[in-house]
Amino acid sequence: MTDIKDSYISEGEFQLLRELIKKEFGLQIKGDKRLTLHARLAHRLHILGLTSYADYCNFVRADSSGAELQELASHVTNNETFFFREKAQFDIFSHVLEDIKKEKQKKKRQDLKILSLACSTGEEAYTLNILVQLSGLFLWNWDVRITGIDISRIAVEKAKKAIYSKNSFRGINGESGQIQKYFTCEGELYRLKQPFAKNVEFRLGNIMCEDAYAGLEGADAVFCRNLFIYMSPDAIGKVLVNCYRSLSDTGYLFVGSSESLINKTDLFIPRLVNGVIVYRKNVKKN
Ligand SMILES: C[S@@+](CC[C@H](N)C(=O)[O-])C[C@H]1O[C@@H](n2cnc3c(N)ncnc32)[C@H](O)[C@@H]1O
């Protein structure tokens, strides 16, 4: 029997997989990435005893439990992330927290809800919690909840552990004092200290689907960064509708700095704050 590791993916099979990934996850694979897909999936096919990618596509489609689809997501997604990525946005977030607190005081509420969509291995969600804790604005009786959602099971499992290697600290290079402040060193690894890990939860989900957001309505801020660059316009549209529905009317949306939504949606209105664009809900679309 020919092993899948020895047989290369054909153009037809590549197109089949590309369509499946776009339909299910909203991700566009641009250019000839046949070698990349082969490198990422050959081992999975080998484990399953499948000898062609066409058989693999059929296998994924026939699996009504959705388990193989989840496995596929873990193999084909780009999970690149690190603490304090795009720091200018986090500086604005700290500023925005003060406005959120004022808004909450007006409403006589003591809850703070933040979503980190496409959270990957959790660095973004934990960075948000570090900033919330450092702000000192939401202590004592406040109910703080930061929820990360990602489609990759492997990434979500890693996020829940809150243990990282040096690679996750590219955003705080040369500031090792910061690392010691938030992490306990365990050999080559770093464990996030409890005060910065509490209040953060992770779930597996496809953020194009409404059910991924169950129970998360009324969010004060939604971060969805560095995913739209990989998504089709149709998929971005679906995610934006879900962001709109999950945000409170006074909430804030942050997208990656290279993912401008200007002229792409009328659900959100851009606001320039100290050189950084944040999006507010266009409440007229309610
Ligand atoms: C490049 S990472 C971005 C991580 C983080 N937001 C940041 O900016 O550092 C993109 C993440 O999007 C996730 N992803 C891709 N498609 C998704 C979908 N349809 N639903 C949920 N997560 C998705 C991937 O698994 C990956 O972890």
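Overview of values
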quantity: ASP143-HIS95 FRET efficiency (beta carbon distance; Förster radius 30 Å; 0.05 resolution); calculated: 0.85
quantity: Label-point separation, SER257 to GLU201 (7 Å along Cα→Cβ), nm; calculated: 3.3
quantity: The chain, helix-only ellipticity at 222 nm - DSSP H runs n ≥ 4, -39,500 (n - 2.57), divided by all residues, nearest 500; calculated: -12500 deg cm²/dmol
quantity: Residues whose placed amide H lies under 5 Å from that of LEU112, excluding near-sequence neighbours; calculated: ASP143, VAL144, ARG145
quantity: Which of PHE202, PHE82 has the fewest Cβ neighbours within 10 Å, and the rest in rising order; calculated: PHE82, PHE202
quantity: Local electrostatic count, ALA62, Cβ distance below 15 Å [Lys/Arg +1, Asp/Glu -1]; calculated: -4
quantity: Estimated inter-spin distance, ALA39 and ASP211, nm [label 7 Å along Cα→Cβ]; calculated: 3.5
quantity: Length-normalised contact order for the chain - Cα pairs under 8 Å, 6+ apart - percent; calculated: 17
quantity: Residue order, fewest to most surrounding Cβ atoms within 10 angstrom, among HIS38, HIS75; calculated: HIS75, HIS38
quantity: Alpha-carbon spread of the chain, three principal axes, descending order, Å; calculated: 68, 52, 34
quantity: The stretch 45-115 versus the stretch 240-261: alpha-carbon centroid distance in Å; calculated: 15
quantity: Sites ASP234 and GLN178 - FRET efficiency at Förster radius 45 Å, r taken between beta-carbons, to 0.05; calculated: 0.65
quantity: Neighbourhood net charge (11 Å Cβ-Cβ; Lys/Arg +1, Asp/Glu -1) for GLN110; calculated: +3
quantity: Counted charge near LEU48, where neighbours are those whose Cβ lies closer than 11 Å (Asp, Glu -1; Lys, Arg +1); calculated: -3
quantity: C-alpha center-to-center spacing [the stretch 123-188, the stretch 21-36] in angstrom; calculated: 30
quantity: Three-way shape call for the stretch 77-211 based on the alpha-carbon gyration tensor, with the a/c threshold at 1.5; calculated: oblate
quantity: Order of THR81, THR250 - criterion: other Cβ atoms within 10 Å of each residue's Cβ, fewest first; calculated: THR250, THR81
quantity: Inter-label distance for LYS22 and SER165, nm, one decimal - labels placed 7 Å from Cα along Cα-to-Cβ; calculated: 3.4
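No lab work stands behind these numbers, since they all come straight from the coordinates. All values derive from a computational prediction rather than experimental measurement. Note: ideal-geometry Cβ built from the backbone for every residue, glycine included; neighbour counts use all protein chains shown.
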